[in-house]
Structure formats: C-alpha cells, structure tokens
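The values are calculated or read from the model by the stated rules, or taken from the named source; none is laboratory data. Predicted, not measured: the structure shown is a model, and the values here were computed from it. When we count neighbours, we look across all protein chains shown, and the Cβ atoms used for this are built from the backbone with ideal geometry, even at glycine. Note: accessible area is taken over every heavy atom of the protein model, side chains too, but ligands, DNA and RNA are not part of it. Shrake-Rupley method; radii C 1.70, N 1.55, O 1.52, S 1.80 Å.
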Amino acid sequence: MREEPWDVSDEADEDGTPPVVRQAAAHLRRGGASDERAVAAVMAAVRGRRAPRRSRPASWRRLTAARTWHLSPLAAAGLAASLVGVGALGAFGLRGGVDRAPAVAVGPADGRTVDTAPQTAPTGGPAFASQGDPAPTHVVRFVLAAPSVSSGSAVSRVTLVGDFNGWNAEATPMRWDAAARAWMTVVALPAGRYVYAFVLDGRRWVADPAAPLAPEDGFGASNSVVVVAPATGGAT
Amino acid sequence: MSDAHGHAALTDANVVERVLGGDTDAYAVLVSRYHARCLRYAERILRNRADAEDAVQETFIRAYDALGRYEERSRFTAWLFRILVNQCRAAAARRGRRERWVLTDEAAVLGAPAEGSTDGYGAAVPLDRVEQAVAELEPLLREAFLLRHVEGLGYNEMRGVTGAGLSALKMRVKRACDALRGKLEGVYDA
C-alpha cells in the first residue's frame, strides 16, 4: 500500500469526516460493559507476579537512551579537547591547587575528612560490613570538576543522584567551589557500595569522570561507584 | 474492587500511584475501566473472541508488569493501547490468518457466515452492517480507523501506539473513511 503525505493538522479530519462515518463510529462505541469475570481473571494472574515499582524518572531514561550525535570535525575536536581537559583536572587535582583531587573524600562523621579515591566494589552486595557498629555514617565528599557559568560554561546547576537518595535529581544540590573550580557536596553515608551520577542543569546525566563505572544499568548507560569503608583503619 | 466502591473519583494516574505504592488490588479499577474497551478493539482487529480475550488478558498482565514506566503526562488509555495494539499484531502474525477476514466481495460478505465472530461458545454471531464494513477494511486501515474514531486517540497518540508517521496515519484514516462511506451508503437514511 503506497502512502501519500496527508497535509492536514492533527485534528483537522473532524470536519472532513463524512456524517455516515461519524454515525458508524458512534455505533461502534456503544456497549462494552465491564465483565467481572474477565477482571477477576486478570487480577488472579497479576497477584502472582512481582509488584511493579516506579522506574527512574523520564528525564533519566531520555538521557540514558541510546542516541546518535552528529558532530562536525571541528566540533568533535573541540569536544575531545574539553574532555581531555576535564580528565586532566580530575587526575591532577582541583581542591586548593593541591596535586591530588579525588572525586570523593571519605571520613568519620565528625567532619574530619580523609581523602580517598573511589573504589570498585565486588558485585553482589556492599563492599564493607558495619563490623557490629550501629551503622556509623561517614562524610563523603562528592566532587565534579566542571566549569561553572561564571567561568564561561553552560553549566549553572549540578545535583548529585544515586541509590542513596532514590535517584532524586532535586534532593542533593552541589555547590560551586570557585577556589577548587569544582562542584562539591557532602553526604553522610553508612559503609557500603553506592552507585551515583551527576545531573547538569537538571538535564544532562553524567557519570563521575574520575571514578570507576558501574556495570550497565539496564537503560544503556553506566553510573559511577563509590565504596565507603568503615572508619576503623581509615577510609579506603 | 470497582469504581463503584469509592474509586470513581480517582484518576488513572492516582490509581497507578496506588498500585505502585503496594495496593495491588487497586489495579482492578483500571482493568474494570478499560477491559471492555480493549476487548472490543481486539475483537474487531482479530475477528475472533477467544483470541481477542487472550490478547487483552496478556495486555493487562504486561501493563501491570510495566506500570512503573507509565508517565502521568500521557493518557493511560494511549499507553495501554500501545501494549494492546502490539499484542493484537503479534496474535495476528502468529496465526498468519489475518487476511482471511478481509472480504472484498459484497456478495461474499452478505452470503458468508460471520467467520471468526463467535459468542464465546463457538456459535456464530451475525455481524451488523457497520461491523461488517469495518471488518472488510484492510488491516492497517481498520486499525487506524478504530484507534482514531472509535477509541478516540489523537494522531500524536496514535503515532506512539502504532509506530507509524503522522502522514501515514492520516492517510489511512482518510482511506478508511472513504471506504466506509461507500459501504454504508443508505444505512442511516430515513
């Protein structure tokens, strides 16, 4: 069947619909009472299934959906240069111009932080047990080396999302540290393995360029992993 | 559980939230609201009551499993019909006999038993003239016509449901309407 373009607006066919067709459509819409037996059959089938759960926000799925980007050679070269710059910042340090700037700093809850690099945890559960303590928390500092609006970048707001805040893009805003030229925030977390990412301007979802990536999340993208170690023996 | 038991005021999105919150029984509200509508669509597409019932049952089970991915900004009916249309297409493809129901000869239509239309117990039920006219449409035209004029989906919703482009859908609906106008001439006179 060959199909020709049909140049009419979305609802424009209403006036052009023949009266006999409208009457026929009305006829076809009649009846159709709910069948209690059929409803019961569906409910019997679904009760034996796993309860559905809210999936990640639509923005997350849109951002993580596979897509193709078309860049001119010049734009591609510029993007590559930018990524190299960000990677270099992450590798050689940001905070106060020191020579090491991990994406995450971990320490006891008294506020004393201990710098540490994110760790890759074995799959299948938290990397560290609480060792009998009543789940002590640790201050974890998340750092994203990215320029702010004031420095000429398009990024004006960054938030932290992860399994520790329900992947809520509004729950954990990050603060721009001009001296460190990085976005930062601290979160109190018990020891364990956490998956996280950053949301730029509420739209762009990015993994931490300075942290190991988690396996595919099932939506076509990877996140980052941080492992919070127990305080005994220092953070790892 | 039914709308008559205090759920009539709940929107579809409200009900979905309840189900996602752990109230599995609330899903019966959605099934009650849309089962008949889904069944009439499936029956007109598949032209067989038992197949239509299977497709609708599977639709509601899949919708339940996928409920967490429903987004409130889209109408629940459009979201549900996306699953239903796929189920009907899959059922038709599995059987490979969709074309059997496309009768093009008027004499054959009038003289033939209402194949595929049964009362659920195997007995043939004569189709009325309107139903018969719709049954004669090419499958894609029938699908587009039913979604647009009977189930009330907008063209943008139909795009999501069928995967077809806007121009193609409008063309299908137009061709279906033209065909029906010819077949139903005189039906609503007097």
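Things worth noting here:
- Selection within segment A:1-22 - modelled with pLDDT of 50 or more and either part of a loop (DSSP other than H, G, I, E, B) or exposed (fewer than 14 other Cβ atoms within 10 Å of the Cβ) (or both): A:Glu14, A:Asp15, A:Gly16, A:Thr17, A:Pro18, A:Pro19
- Any hit, segment B:36-50, residues being open to solvent by less than 10 Å² (accessible area, probe 1.4 Å) and more than 11 Å from the chain's Cα centre (by Cα): no
- Note on segment B:62-144: enclosed helices (runs of 4 or more DSSP H) holding 1 or more residues that are at pLDDT 90 or above and in contact with an Asp or Glu (Cβ under 6 Å, 6 or more places away or on another chain) are B:76-95.
- Scanning segment B:17-33 for residues that are in a helix (DSSP H, G or I) and facing chain A (nearest Cβ under 9 Å) returns B:Glu17, B:Val19, B:Leu20, B:Thr24, B:Asp25, B:Tyr27, B:Ala28, B:Val31, B:Ser32, B:Arg33.
- Taken as a whole, the condition of being modelled with pLDDT of 80 or more and under 16 Å from A:Asp208 (Cα atoms) does not apply to A:Pro147.
- Note on segment B:167-182: among residues that are more than 7 Å from every other protein chain (Cβ to nearest Cβ) and surrounded by 16 or more Cβ atoms within 10 Å (Cβ to Cβ), the one that is farthest from B:Arg82 (Cα to Cα) is B:Ala179.
- Listed by first and then second residue, the pairs linking a residue in segment A:36-65 that is at the interface with chain B (Cβ under 8 Å from one of its Cβ atoms) to a residue that is at pLDDT below 60 and in a helix (DSSP H, G or I), with Cβ atoms under 9 Å apart and 6 or more places separating them unless they lie on different chains, are A:Ser55/A:Arg61.
- Leading residue by the ranking (farthest from A:Val140 (Cα to Cα)) among those in segment A:195-236 that are modelled with pLDDT under 80 and among the aromatic types (Phe, Trp, Tyr): A:Phe219
- Taking first residues from segment B:161-172 that are farther than 15 Å from B:Ala78 by Cβ and not assigned by TED's automatic domain parsing to the domain that holds B:Phe76 and partners that are of a type in the set (Phe, Trp, Tyr) and open to solvent by 20 Å² or more (accessible area, probe 1.4 Å), the Cβ contacts under 7 Å between residues at least 6 apart in sequence or on separate chains come to B:Ser167/A:Trp6; B:Lys170/A:Trp6; B:Met171/A:Trp6.
- In segment B:4-16, of all residues being surrounded by fewer than 16 Cβ atoms within 10 Å (Cβ to Cβ) and modelled with pLDDT under 90, the one that is nearest to the other protein chains (Cβ to nearest Cβ) corresponds to B:Ala4.
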